[in-house]
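The block underneath contains the structure these notes are about, expressed in structure tokens.
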Amino acid sequence: MTDSSKQTDWTKPAAMAIPKGGFFKDKVEQGRYGPIFPKSPACYGFTLIAKVIPGREENLYEYARNLEKAVAKQPDVLAVLKLHYLRWQIFQIKGESYFQYQGIFDTDFDKYTEDAVTIFSATGISTSFENLEGFPKDWKTNPSSFVKFVRDHHCPSFLEYGEYPYVSAREIKKALKLKAAFSEALDQMQ
Amino acid sequence: MTDSSKQNDWTKPAAMAIPKGGFFKDKVEQGRYGPIFPKSPACYGFTIIAKIKPGREETIRAYGKKIEDTIAGLPEALEVLQLHYLRWVLFDINKETYFMYQGIFDTDFDKYTEDAVALFSKYGINTIFENLEGFPEDWKTSPAAFVKFVREHQCPSFLEYGEYPYVSAKEIKKALKLKAAFSEALDQMQ
């Protein structure tokens, strides 16, 4: 279900089952750090799960408040990541806290991670990952160690669904702007 | 950050930090089954995590293919759920396998769950949740038991981000259709 003709039909909702491991073995594309996870009707994305260093939950809540402020101040701060949505959770398994980062975006997994390292360094925003077990301390100078951590902690989906499949956030924003402008123009004709 | 003026500005990406527990204590709205999780720049959503019954991994993966085929044959099958994206994930923690269901949609949590129960019954498909520990066997006749299970296994986000915040899938699809029609009209003028 990954051929380009299917990918251009955004008019019909679509679901895609994904084999164990996250790749279609006959269609694996190699990226710079290993195989590239395929694009699905829900675009590119990831689900990162890692254990929180004991006692660090509060740092993560603090990080959330800081990121809310950073985006309010400069809404395009994360533009390079080509995002749709991001969601962060903390959940408990047998009394231990785990961190989860879910993303839906339009750039491939490895590029996303490299761009994220660049943004964190450029804006001085620290990464919430510093509160996770096993995260490399030298990540600022060593993007490949960051990518490795992210790849090691990614849990690929076995099924993904998109209501307006394969459409990029850029196309969605262009369409919303056109609709708003068209609405405004019609109002002016009254 | 949940007042309606903020909710109307889809032109600027927005992030929202969410307190522990998933609610703003001063703004909790009561739903039919308990407090309603707030709408964020990433719309309504959930992250349901539960342990799978031992030996059920293959059954769960096979379900992925079944859903892919169902949607290919009937793209509007899930229309009532007012979805943007869904992702289903299996992951291991300490050699035990957990199931996760991530959703982004425009209807509130309790209504979503009730509608999902109705859909499963309508199409005669069993839910994947039957392979999870603690899932109520009488779910088909007891939507309230289903909702209770889902609420108990929901892991609320502590941070959510939307690139085109608060816009419903309905609005997005309308805008994409208008853009396609406008494009076509311009082509015809050549």
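Coordinate-derived values only; no laboratory data. Note that this is a predicted model, so its numbers are computed, not measured. For neighbour counting, all protein chains shown are included, and Cβ atoms are generated from backbone atoms with ideal geometry for every residue, glycine included.
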Histogram of C-alpha separations across region A:12-189, 5 Å bin width, % | 1, 7, 14, 18, 19, 15, 12, 7, 3, 2, 1, 0, 0
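Which loop-located trypsin sites (Lys or Arg not before Pro) does region A:53-92 contain, where loop means any DSSP state but H, G, I, E or B and the Cβ has at most 11 other Cβ atoms within 10 Å?
Numbers: sites: A:ARG56, A:ARG65, A:LYS69, A:LYS73, A:LYS82, A:ARG87; in loops: A:ARG56, A:LYS82.
Loop-located and lightly packed - none at all.
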In degrees, nearest 10, range 0 to 90: what is the angle between the Cα axis of helix B:57-73 and the longest Cα principal axis of chain B?
-> 30 degrees
Say each of B:ASP138 and B:TYR33 gets a label point 7 Å from the Cα, pointing the same way as Cα to Cβ; how far apart are those two points in nm?
-> 1.6 nm
Name the trypsin sites (Lys or Arg not before Pro) in region B:76-156 that are in a loop by DSSP and that have at most 14 other C-beta atoms within 10 Å, would you?
-> B:LYS95, B:LYS140
Give me the distance between the Cα centres of region A:72-122 and region A:139-167, rounded to whole Å.
-> 9 Å
Could you list log10 I(q)/I(0) for the protein assembly as shown at q = 0.07 Å⁻¹, which the Debye formula gives when each Cα is one point scatterer?
-> -0.31
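Averaged over all directions, how much area does the convex hull of the C-alpha atoms of chain B cover when projected, in nm²? Please list the in-between numbers first.
Working: hull surface 55.4 nm².
With the hull built on Cα positions only, its mean projection is 13.9 nm².
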Please determine, in degrees from 0 to 90 and to the nearest 10, the orientation of helix A:109-123 with respect to the longest principal axis defined by the Cα atoms of chain A, where the helix direction is its Cα long axis.
-> 80 degrees
When the charge dipole of region A:12-189 is computed with +1 on Lys and Arg Cβ and -1 on Asp and Glu Cβ about the Cα centre, the Cα farthest towards its positive end, among A:ALA116, A:ALA42, A:ALA79, belongs to A:ALA42
Set of lysines with alpha-carbon distance to A:LYS111 below 22 Å, sequence-local pairs under 8 removed | A:LYS25, A:LYS27, A:LYS39, A:LYS82, A:LYS137, A:LYS140, A:LYS148, A:LYS173
Between the Cα axis of helix A:169-189 and the main Cα principal axis of chain A, the angle (0 to 90°, nearest 10) is 40 degrees
